[in-house]
Amino acid sequence: MKKVILEGIGLCKSFPSGGELFRSLDAIIYDGDFTVVMGPSGAGKSTLLYVLSGMDSVTSGTVKYRGQPISGLSEKRMAELRAKEFGFVFQQTHLVGNLTLFENVAVAGYLAGKEPPKAVQIQTEKLLRQMGVGGAGDRLPSQVSGGEAQRAAIARAMIGVPGILFADEPTGALNRQNSQEVLNLLTGLNQRGQSILMVTHDMRAAARGNRILYLEDGEILDQLDLPPYEKASRERDERVSGWLSSLQW
Amino acid sequence: MEFKTLLLANLRRHRSGLMGISLLIFLVSLALSSVLTLWGNSSSYLGSELERAGYGTITAWTSGNTGSLLEEITALGAVERVSEQKIIHTNYSLNGQESDSEGQLILYQPEERRYRFFTGDLSGYGNPPGEIQPGTVWVSPSLVSMFGAALGDEITFPIARSGQNLTLTIAGWYEDPFMGSSMIGMKGFLISEADRQNALEILESAGIDALARDGSMLHIFAAEGGLTAADLSAEINASTSLPKFAEFVHSRETIFGFMLVLQNSFGGFLLAFAAVLLLASMAVLGHQIGSGLRQDRRNMGILKTMGLSSKGLRTVQLAQYLAAILPAMVLGLMLAPAVSAAARDMTLATTGIRVPSSLPLGLCLLALSLMLAALVIFLLWQLNKLRHVTPLDAIRGEADGMPVPVKGLPAISGSCLNGSLALRQLITGWGQYLGAVLVAALLVFFASLVGRMDCWLGPDGQGMMDAFNPADHDLGVQSFGDLTREDFEKIIQQYSGITDTYLLAMPSVTVNGVDHTANVTDQPERFHLLAGQPCTGENEIVITEFVAEDFGVGIGGTLSIGASQCIGEYTVSGIYSCANDMGATIGMSREGYLKIGSDHPNLWCWHYFLDDPSQKGDIAGALEAAYGGDVHVHENTWPGLLGIIAAMGALTAFLYGMAALFILVVTAMTSGKLLAAEQRDLAVCRAMGFTAGKLRLTFALRFGMAAAVGAITGTVLAAILADPLVSAAMRLAGISSFTSAPGPAEVLFPGTAIVILFFAFGWLTAGRIQKVRMTILAAD
């Protein structure tokens, strides 16, 4: 029996202009899963991710993290949760421009506050090496390639040893090779037990997950359960492709 | 057409920044125009009022039976005419406080129309009284600041011993163009004919017990195209019996100096402050132009590809800034009369004159034109950067993409995350904070300058008193009767031990024929000597720097000094400081003076140093209670000092108020741009777990740090330049020896205050961080 790590119950998201994105949407994310959200453009994939991570508010409904409601938490408690329990990887790397890669990662570690500063620095170096950017730690984001920056962004998301990693189109701005490398890193993390919730419109990226949710018209239309990813296989890709075709994607 | 379109678009796009510039320029224009209004009107108004009051080229205050003196002076070829005003010289006390200087009971003659009268609440001018009722007196409003006077208060004038006083009730206020200012201890009191006769009868019957003296003010007018005031004074002294009767003589210029010393010195400082604000505005303007160009660089590149020249772009930019500057300048100019009227009304009880608030349009327009010219030159210089915008570079955004190297910068510290992050932001974006640094440096420099003056003045005005007094003391006691030193000291020692004593007299003398005051002492080594030796020899004198300049003599030179007995030659042994009579004083030894002047026990004032100076107020009260009008007691203070200390306090409060307003505008302008540019980074930081409060703190810290850099610069500059600059300004008031010795708290206060203000306003304007939405980071 899988443990629920994140749960959205009766989520409703409407806009002041009158539009409505979700109407009573339920979503469950399991601990240790690599969950992927797919759907057509404008379906609200990123919004769902931001709502579930507490970065955006819901009009009604509840979000629970490890069984505790987080929707009504104070700004301070929510910031603490983001620092200690959540990690984020964005499409645009969104590294702070005047901090080096090392500092971008270390600051997130300092904020998490799980280790003393010295230990955070050691961990930062280790993580950057693991992500393959150990040699670029003293460079600014503008001085490295998009792939290197994204790998540093993953390191930043991981430094606090988060309960769940949110990834919003992490390969959307990368070339094919860099995309593969980033996906390999994410898959590797998941294989070591890291829960991941990723939004993507890339079928190959989606195939890295073991659970794919299809979002359309404000509701989860269907889901595909796959075995945990071990290595690239045509069979897995075709299964995902066939499933998406059945949803007229 | 494209000019109008682009101008309107730019005005819309940069409206908040331009409004900030407008506000700063408005404050500068308002401050400048208000000071010029007050300053410009002061001297012209005082001139016309001295004319109305009948003051001549020189005015001599005489006492005793002057016999044919009036005719003697009138007969001189250098004199056009002489007019006489009857007065009685007398001490006075009000609200339990005795004046340090004598007052003059002036007979009010309504037909002469010499004076203007205020309404009871001092809100404006009232009708002159048809006559002054016996038992009442009209006084200068400066008695309000000096003695806390109010209508209905009684003033006691000791006319003769044994309590033969004249007690008059204040019935109204009048404008005295000579003795009206609280800077002048001597005061004029308008009285009725009946009270004057009453006082004269007391004097006549009192004989040697008289404490007051009958006398006159002789207004002497030089013949047209005739002598200068100094030469006229010298000729009259040489050719008539005036020196025998004159208590003191002042030229019209000296009276101007006395009356306007407050307006001029404070006006000068406010003018300097307006200049500082202008420089600060230019710093902000430079920053605004820089950031505006960065913001518009891409658009400008596009406009250039469309055929617009650098000159065309520059014209649009210039017009955009002038559209913000010109209305602000005009508005400041228009509001200046109201502000100067408010300032005048607030200071009426100190200055004693109600200076008109009509705008000296020519002067203000000249000043504002110069200011505008300086701003236009600055704008053109700054906008010259437009020449370097090439269409392709701008569209590619190459200049914007240059990363700021971080090697060698302080690392981000886990234990001081907020501070180290703020420092990094500040260093890597230093161009954004340059305006704040410059504004902080300028404001701290000026605040330090005023702080040093405040420090010199001290909470009780000790610095000012030391500058005016020729020598230090705690208490001065002068006998007007047969009382002896032993009589005073018996009472003094009931309160405090006496550590030291010396004698001082202040008789009138002539220096090369021109009237001056001599400070005569039995211990010349006590004079505040700036250079040379004390005048211990009987043929030696010390002179102020002003006397040295006036007569072109230095140490070793000689001057002819005349007193009631004869004239003698004296060698200048040293330069000393004494700002009395605008510095027109000399110092002599007792032996030196007695060679030319006559001695009298009542000439001398005993100056005491006390074991416990805090007792001097009680001692003064006890002496006055015991001996009444037979003794004159003064502490090392004078009532006008309270007005100066209050004015200094008001100046400091005004300065910090304006500084706060300036800082608020600068911070709001800078933070508006920074927050707009940093939306994404702020959202990322919040996603990483920063609270909005922490980000706000970091943001405010950047301003605090930028201000700290400016504050250190301003403090260092003040340490080097403040004393020489203030010295130069103080010389206008006759004070030649300004040196401040501020303690660490006084040195650090202006910088700390400015840093706190920047930090606080940074915090205030960063409230928008709370509204930064993390959803801007979303992919779709």
Computed over the protein assembly as shown, protein heavy atoms only, probe 1.4 angstrom, the accessible area per residue in square angstrom equals 40
Rounded to a whole %, the carbon-and-sulfur portion of the accessible area of region B:656-780 at a 1.4 Å probe is 73
Give the average, rounded to an integer, of partner chain Cβ atoms located within 10 angstrom of each Cβ in B:686-699. 6
First check a/c for region B:466-637, with a ≥ b ≥ c the square roots of the eigenvalues of its C-alpha gyration tensor; if it is under 1.5, answer rounded, and if not, answer prolate when a/b is larger than b/c or oblate otherwise. prolate
Where labels lie 7 Å past Cα in the beta-carbon direction, separation of B:D345 and B:E193 in nm: 3.8
Using just the helices of chain A, give the 222 nm mean residue ellipticity in deg cm²/dmol: DSSP H runs with n ≥ 4 each add -39,500 (n - 2.57), and the total is spread over all residues, rounded to 500. -11000 deg cm²/dmol
Qualifying lysines (Cα of each under 19 Å from Cα of B:K86; at least 8 residues distant if same chain): B:K187, B:K244
Can you tell me how region B:88-162 classifies by the Cα gyration tensor, rounded, prolate or oblate, using a/c under 1.5 as the rounded cut? oblate
Taking a probe of 1.4 Å and counting only protein heavy atoms, give the total accessible area buried between chains A and B in Å², rounded to the nearest 100. 2800
Got the relative contact order for chain A handy, in percent, Cα pairs under 8 Å and 6 or more residues apart? 26
Low-density loop GluC sites (Glu not before Pro), region A:66-165, at most 14 other Cβ within 10 Å, DSSP non-H/G/I/E/B, are none
First compute the accessible area of region B:92-211 with a 1.4 Å probe, then give the percent of it belonging to carbon and sulfur atoms. 46
Where Lys and Arg each count +1 and Asp and Glu each count -1, what net charge lies around B:R387 among other residues with Cβ under 12 Å from its Cβ? +4
Could you state the number of Å between the C-alpha centres of region B:98-137 and region B:676-733? 53
Is the shape of chain A rounded, prolate or oblate, going by the alpha carbon gyration tensor and its root eigenvalues a ≥ b ≥ c, with a/c under 1.5 for rounded and a/b larger than b/c for prolate? oblate
Segment B:A646-B:S123, length gained on full extension (0.36 nm per residue, minus Cα span): 186.3 nm
Rg and Dmax [Cα atoms of region B:92-211; Å; Rg one decimal, Dmax integer]: 13.9, 44
Between B:E111 and A:Q68, the two model label points (7 Å from Cα along the beta-carbon direction) sit apart by a distance in nm of 9.9
Expressed as a percent, the accessible surface of region B:466-637 that is carbon or sulfur, using a 1.4 Å probe and the full set of protein chains, is 46
Please state, as a whole number in µm²/s, the translational diffusion coefficient that the Stokes-Einstein equation yields for chain B at 10 °C and 1.306 mPa s, with Rh defined as the Kirkwood radius across alpha carbon pairs. 53
Between B:K86 and B:T167, Cβ-based FRET efficiency (R0 22 Å, step 0.05) works out to 0.60
Within-12-Å neighbourhood charge of B:R773 [Cβ basis; K, R +1; D, E -1]: +3
Summing -39500 (n - 2.57) over every DSSP H run of at least 4 in chain B, dividing by its residue total and rounding to the nearest 500, the 222 nm mean residue ellipticity is -18000 deg cm²/dmol
Quick check for me: using +1 on Lys/Arg Cβ and -1 on Asp/Glu Cβ, what's the dipole size of region B:142-292 about its Cα centre, in debye to the nearest 20? 480
Note down the relative contact order for chain B as a percent, whole number, built from C-alpha pairs under 8 angstrom at least six residues apart. 17
Residues B:A728 and B:E569, FRET efficiency given R0 of 30 Å [Cβ-Cβ distance, rounded to 0.05]: 0.35
Work out the mean other chain Cβ neighbour count within 10 Å for the residues of A:49-56 and drop it here as an integer. 3
Kindly list the residues of region B:447-477 that lie in the label zone of B:D618, defined by a backbone N under 20 Å from the point 7 Å along the Cα-to-C-beta vector. B:474-477
Rough spin-label spacing in nm, given labels placed 7 Å along Cα→Cβ, for A:N184 and B:E247: 10.6
Positive-end residue of B:L443, B:V665, B:N10, charge dipole of the protein assembly as shown with Cβ unit charges: B:N10
Summing Lys, Arg as +1 and Asp, Glu as -1, what charge do residues with Cβ under 11 Å from the Cβ of B:L203 carry, B:L203 excluded? -2
Delta accessible area of at least 20 Å² on complex formation, residues of region B:745-780, 1.4 Å probe, chain isolated as reference: B:R773, B:M774, B:T775, B:L777, B:A778, B:A779, B:D780
List the pairs from A:K76/B:K673; A:K64/A:K84; A:K2/A:K76 whose alpha-carbon separation is above 19 Å, in the order I gave them. A:K76/B:K673; A:K2/A:K76
Using Cα pairs under 8 angstrom and six or more residues apart, how large is the relative contact order of region B:92-211, in percent? 35
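The values are calculated or read from the model by the stated rules, or taken from the named source; none is laboratory data. Since this is a predicted model, take the numbers as computed values, not measurements. Quick reminder, even Gly has a Cβ in these numbers, built from the backbone with ideal geometry, and neighbours come from all protein chains shown. Surface accessibility is based on the protein's heavy atoms, side chains included, excluding ligands, DNA and RNA. Shrake-Rupley method; radii C 1.70, N 1.55, O 1.52, S 1.80 Å.
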